[in-house]
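Since the structure comes first, as structure tokens, the remarks are kept for the end.
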Amino acid sequence: MTSYAEFYRRSIEQPDAFWAEQAKLIDWKTPAQTICDYSHPPFARWFVGGTTNLCHNAVDRHLKERADQSALIYVSTETDEEVIYTFRELHAEVQRMAASLLELGVRKGDRVLIYMPMIAEAAFAMLACARIGAIHSVVFGGFASGSLASRIEDAEPRVVVSADAGSRGGKVVAYKPLLDEAIRLSTHKPESVLLVDRKLSAMNLVAGRDHLWGAMRQKHLQAEVPCEWLDATHVSYTLYTSGTTGKPKGVQRDTGGYAVALAASMKHIFEGKPGETYFSTSDIGWVVGHSYIVYGPLIAGMATIMYEGLPTRPDAGIWWQLVEKYKVTRMFSAPTAVRVLKKQNLEFLKKYDLSSLKALYLAGEPLDEPTAQWISEGLGVPIIDNYWQTETGWPILTIANGVEKKPSRFGSPGVAMYGYDVKLIDDITGEELKGPDQKGVVTIEGPLPPGCMQTVWRDDDRFVKTYWTGAAGKLRYNTFDWGIRDKDGYFFILGRTDDVINVAGHRLGTREIEESISSHPNIAEVAVVGVADQLKGQVAMAFAVVKDASLLVDAAAHLKLEGEVMAVVDKSLGAVGRPARVRFVTVLPKTRSGKLLRRAIQAVCEGRDAGDLTTMEDPAALQQIKDLLAS
Ligand code: ATP
Ligand code: MG
């Protein structure tokens, strides 16, 4: 086994040789002539001259060896359905969908917007697009008409694939009226809408525009639609970032680089073996759903679980029940979801035989130590934090146990992944911070490795201006996250660059203060923001959710707990980190993808407008904070 350090060094010093090697993990129709064309930085073109197809690599190429093995396992605790599709069946369904899209006039390069709940047809639609070279743009099913309309406007889809309804916690959410309204609001009108009728909600079909998947599928039952061989640089999809820091950005991804990056990550990071089962609890509306529900596991020849439902219904054991039933080996989730489960009894976890499980991967938000500790003890398997972005498509920082087994460290997502030349930069001087334990902005020296964004959809200028800094020839990609690297190369993410607090000249990441506060035994979750202060420049304000709200009987109890929390911070960070106030709420404002909306809290604290809130989960959460501040 090579050492990871050696593996990493090779990826940075001899990227062409390194990635040419990784490219062998997938099937190509024609091999690449140029591994990386970086003649127009920061635009990197990977595997130029090569032709391949994502759907071929995810589905067709497995038919020879594993046609009758499970490929897609669809489980819904909302409609009580469980359907297993083998690779052969998935192949047939995808061709039926591809034939239907072709019938509706979709051609290579056309956009197809997918606005779907977590049902198997959503994956069929994504794979069908990849098969014929159409560009998919998946919009999270939880978004309402306004957000959907702006995405229709931007993607200009020829066809929209949708469904009558989704369901959440047993409550039906009708999609069709939201879609109709979004199309009405948008200046771009899709020619056709293909609808899956789940019989959850009645639909008014628009004659000439709306088509039912059931009927189309029947018509194309025997369809044979070959994979279109696409240039490696052909756009596979566009997808929006979560909108945590402002208006979401439309990320554009290629075909060949993405396929190689995913295949490599499945081997080196997730150690996925063909025939095993992968379970990612994310949603296809997010990048994790694209990379690690649909494409990654299937490319690796694994079965993948697509779960529609809450982690707590019918009870908090549902995920673990699925792990037992389908012998899941690799599971991917988010710290937010684990924190939801943490409020429940550990017994739910102990009830099931989890011996198949080899690791749990968590990403999307900082993983606080108490949460990591709790789930690690409960599961008895390695908990592997991984840090990345919609923009990168696969982990920037984590542990590559498939290359060399390394221990993970609580609080750290890990080391720089192969292909990512990660540099910490002093945000004031712009100098690289080479020593250990120095705080700086996490940047990546161009070119970005395969799988990362090509550009911002239809806006090269925004791509360059938003993300890239530094001198020509030495351009750096800015992650907008703030971090620190220890002497062993392990990184710690300290928060977003927007969230750095400057208290009387001391620079602190909100994350550092949050981490400290969450170590108090009665704190379930906390958000810290920096608020302008005449005297100190900025002060920290904390909003916390308590585990046991019954302790907060009266004002005195509030003050007592606030004092305790401050004492915890004083002890770990010193008085500079101590928040000016610690206020208690029952829920924190988050994006639909479960990220804390610190910028909205900060704006409210400073009496400013809260900005773009289209991706916010629960407006009542922000209202609670407003009410508190007014009281
Ligand atoms: P937007 O870019 O629209 O403001 P967003 O940054 O939340 O939204 P995503 O691409 O979904 O959109 O999230 C990526 C960000 O999530 C990272 O830049 C980082 O701030 C945070 N993040 C992801 N994984 C981790 C992790 N393991 N530890 C700490 N932070 C993480
Ligand atoms: Mg971001």
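Put simply, the Cα atoms of the range 372-427 extend 38, 27, 21 Å along their principal axes, the longest span coming first. Helical content alone sets the calculated 222 nm signal of the chain at -8500 deg cm²/dmol, taking -39,500 (n - 2.57) per DSSP H segment of four or more residues and averaging over every residue. Among 180, 164, a tally of other beta-carbon atoms within 10 Å of each Cβ gives an order, fewest to most, of 180, 164. Packing around the peptides 507-513, 368-374, 608-614, taken as the average count of other Cβ atoms within 10 Å per residue, puts them in this order, highest first: 507-513, 368-374, 608-614. When every Cα-Cα distance of the range 1-140 is counted in 10 angstrom steps from zero, the calculated P(r) takes the values 10, 29, 31, 23, 8, 0 percent. Restricting the calculation to Cα atoms, every distinct pair contributes to the Kirkwood radius of the chain, found to be 25.1 Å. Here the label points at residue 519 and residue 310, each 7 Å from Cα along the C-beta direction, are separated by 3.3 nm in the simple model. All C-alpha to C-alpha distances of the range 512-608, sorted into 10 Å bins beginning at zero, yield P(r) values of 16, 48, 32, 3 percent in whole numbers. Each 5 Å bin from 0 upward holds the following percent of the Cα-Cα pairs of the range 60-174: 2, 11, 20, 20, 19, 15, 9, 3, 1, 0. Summarised as an ellipsoid, the range 75-135 has semi-axes of 23, 13, 8 Å, derived from the eigenvalues of the Cα gyration tensor scaled by 5 and square-rooted, with the largest first.
Using Cβ point charges alone (K and R +1, D and E -1), the dipole size of the chain about the Cα centre works out to roughly 180 debye. Multiplying the residue separation of residue 462 and residue 81 by 0.36 nm and removing their Cα-Cα distance gives an extension gain of 132.8 nm. A full extension of the chain between residue 247 and residue 629 corresponds to an added length of 135.0 nm, given 0.36 nm per residue minus the alpha carbon distance.
Over all Cα atoms in the range 383-500, the spread is summed up by Rg and Dmax: 14.1, 42 Å. What is the Cα centroid distance between the range 185-209 and the range 378-453, reported in whole angstrom? So the separation of the two Cα centres works out to 43 Å. Return, ordered by residue number, the residues of the range 401-429 whose backbone nitrogen is under 13 Å from a label point located 7 Å along Cα→Cβ of residue 507. From the range 401-429, the list is 424-429. Its residue count N fixes a reference of 2.2 N^0.38 Å for the range 213-281, and the Cα radius of gyration divided by that reference is 1.57. Loop-located GluC sites (Glu not before Pro) in the range 102-204 (DSSP state not H, G, I, E or B) with no more than 15 neighbouring Cβ atoms inside 10 Å: 191. Only alpha carbons enter this Debye calculation for the range 1-63, each as an equal point scatterer, and the log10 of I(q)/I(0) it gives at q = 0.12, 0.20, 0.25 Å⁻¹ is -0.39, -0.88, -1.05.
The alpha carbon centroids of the range 1-74 and the range 550-578 are separated by 51 Å.
Panel values: the range 217-339, Kirkwood radius from alpha carbon pairs, Stokes-Einstein at 20 °C and 1.002 mPa s, translational diffusion coefficient 130 µm²/s. Taking the Cα centre of each part, how many Å lie between the range 464-526 and the range 280-348? Distance between centres, Cα-based: 28 Å.
Potential lengthening of the chain between residue 10 and residue 24 amounts to 3.4 nm, from the contour at 0.36 nm per residue minus the alpha-carbon distance. Modelled label positions at residue 69 and residue 554, each set 7 Å beyond Cα in the direction of Cβ, lie 6.5 nm from each other. DSSP assigns beta bridges within the chain; of those with both partners inside it, close to 60 percent run antiparallel. For the range 313-470, what mean projected area does the convex hull of the alpha carbons give, in nm²? Mean shadow area of the hull around the Cα atoms is 11.9 nm².
Taking other C-beta atoms within 10 Å as the exposure proxy, 110, 16 rank 16, 110 from fewest upward. Among 463, 279, 480, the order by Cβ neighbours within 10 angstrom, fewest to most, reads 480, 463, 279.
Computed from the coordinates by the stated procedures, all read-outs in this text should not be read as laboratory data. Since we're looking at a predicted model, the values are computed, not measured. Every residue, glycine among them, receives a Cβ derived from its backbone with ideal geometry; neighbour counts consider all protein chains shown.
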